[in-house]
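Visitor: Structure in structure tokens, see below.
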Amino acid sequence: MSSIVEKIYFDYAATTPIDPEVKKAMELYLEDKFGNPSSTHSLGQEARVAVDKARETVADFLGCNFIEVYFTSGATEANNLAIKGVINKFQVSSFSEAVPPLAGRYGAGKFQVHIITNEIEHKSVLKPVESLEKSGLVEAIYLPVDKNGAVDINNLKNKIKENTALISAMYVNNETGVIQPIGEIGKIIKEWKTENRSKLGIQYPLFHIDAVQAAGYLPLNIRDLGCDLLSLSAHKIGGPKGIGVLFVKDGTPIAPLIEGGGQEFGLRSGTENVVGIVGLGKAVEIIRHPSFNFQFPIFNKITNPKSQIQNITSLRDYFEENLLKNIKNTSVNGGGAPRAPHISNILFKGAEAETLLIALDEAGIMASSGSACQAKAIEPSYVLLATGLSKKETMSSVRFSFGKFTTQEEIDRVLKILPEMIEKLRK
Ligand code: PMP
């Protein structure tokens, strides 16, 4: 445990440390209160009350109803459920009969519907869309992004078709932190609906937001956002891994992906992950009402009494200003666009990111690159490539991401060692 005190964790966008208050809340349900919420005896009912309380907290946070909050195994599942669940609903026969023109047009008893998403979504959105395309159920278009990495919504209204079932967009990109124009997308969908008639029904196209990286930083009232579906993940906000939420607006046509005992109002069967749900509820409670000056035992530090968001924003700005000042040929990917405060994606021209990450790790500093290790080959980040960066530039980019427990001292330590590291790497 002592070695971790020396470590600097700058990878909050990958996952956050568990908040000690969250851990405490979860412990009770790991040990004493271990009941199954479906059991009718008192132990079971205690677990049911805890699950209901967490659902109420999330509903309050999102400004939605209790019955619109569905717990999933994380945002990957929530995104899969939002996309495949909405599309699979078209295969349910009663629904299909309600829209015969499509059956005639596309034949074989299958409907081909249309999805609009974009090039920089998380893989948990892109992959399900791709597999639906492969199965022939869906025709998809991927909106491009501008040079800052914001989705280009020019002409979006003209791209919506009579059979567009779903438009899926992320709120904040996980690699660059760039805030996406989801408010505008919501408005365009609303306008389209008043001016056109969907062949699928008045609710379509549905609007899904992956809000994983926005939670805790940006307003998340779903009525203001005007969405039908929204995904969240606990482990990006101080909660545990393996638990997430899909908000589904009441009355939205959606089919379950996991069937069984009918938990989660029939949309997601399986005995509830009570410990995870309690942790998620607590994490949401904390980001709504952050307790300041909190002592974080593992990292042995005290959070800044200023507003946490303000604090993280000023630390990020200080980091970037000094970095650009002290290291030549360095720039901020997405720096020209509004960004969430916790992500800083830096291009160190001529320095190899993977080698830099190893050197940083040896110095006790944990950051990440957007590139993913796939089939043992390091792939360039598709997100950065979409913004127009060259393959070489994407492979020279490193993501530093900050959080509640980030301090000025940590930033200073990294700022101090980086110039020499980069100089060596550029030789
Ligand atoms: N969407 C975004 C934008 C993310 O950053 C992540 C996590 N990297 C996910 C979805 C998937 O979340 P989870 O880890 O809960 O499956």
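The values are calculated or read from the model by the stated rules, or taken from the named source; none is laboratory data. Since the structure is predicted, the reported quantities are computational estimates derived from the model, not experimental observations. Here the Cβ positions follow ideal geometry from the backbone for every residue, glycine too, while neighbour counts run over all protein chains shown. Calculation scope for accessible area: heavy atoms of the full protein, side chains included, ligands and nucleic acids excluded. Shrake-Rupley method; radii C 1.70, N 1.55, O 1.52, S 1.80 Å.
Visitor: Which condition number does K127 fail, the rest of (1) assigned to a helix (DSSP H, G or I); (2) without any contact (Cβ under 8 Å) to a residue 60 or more places away in the chain; (3) open to solvent by less than 70 Å² (accessible area, probe 1.4 Å); (4) within 15 Å of the ligand (Cβ to nearest atom) being met?
Guide: (3)
Visitor: Separate question: For the range 217-268, what are the residues that are within 16 Å of the ligand (Cβ to nearest atom), small (G, A, S) and part of a loop (DSSP other than H, G, I, E, B)?
Guide: G238, G239, G242, listed by residue number.
Visitor: Going residue by residue through the range 173-190, is there one that turns out to be over 23 Å from the mean Cα position of the chain (by Cα) and open to solvent by 20 Å² or more (accessible area, probe 1.4 Å)?
Guide: Yes, some residue in the range 173-190 is over 23 Å from the mean Cα position of the chain (by Cα) and open to solvent by 20 Å² or more (accessible area, probe 1.4 Å).
Visitor: Residues F34, F10: which one is within 16 Å of the ligand (Cβ to nearest atom), aromatic (F, W, Y) and out of contact with any His (no Cβ under 7 Å at 6 or more places or on another chain)?
Guide: F10
Visitor: Just give me the residues in the range 130-146 being part of a loop (DSSP other than H, G, I, E, B), modelled with pLDDT of 95 or more and either buried (at least 17 other Cβ atoms within 10 Å of the Cβ) or charged (D, E, K, R) (or both), in sequence order.
Guide: D146
Visitor: Which residue pairs have Cβ atoms under 8 Å apart, sit 6 or more places apart or on different chains, and have a first residue in the range 165-182 that is within 20 Å of A140 (Cα to Cα) and a second that is among the aromatic types (F, W, Y) and within 11 Å of the ligand (Cβ to nearest atom)?
Guide: Partner pairs satisfying both residue conditions: Q180/Y171; I182/Y171.
Visitor: Looking at E175, E184, can you tell me which residue is in the same structural domain as V138 (by TED's automatic domain parsing), acidic (D, E), at pLDDT 95 or above and in a helix (DSSP H, G or I)?
Guide: Exactly one of E175, E184 is in the same structural domain as V138 (by TED's automatic domain parsing), acidic (D, E), at pLDDT 95 or above and in a helix (DSSP H, G or I), namely E184.
Visitor: Another one. I'm trying to understand the selection: among the residues of the range 234-283, which are hydroxyl-bearing (S, T, Y), open to solvent by less than 10 Å² (accessible area, probe 1.4 Å) and closer than 21 Å to A211 by Cα?
Guide: Within the range 234-283, none qualify.
Visitor: P205 fails exactly one of the following numbered conditions: (1) touching a residue at least 40 places away in the same chain (Cβ under 8 Å); (2) under 13 Å from M170 (Cα atoms). What is the number of that condition?
Guide: (2)
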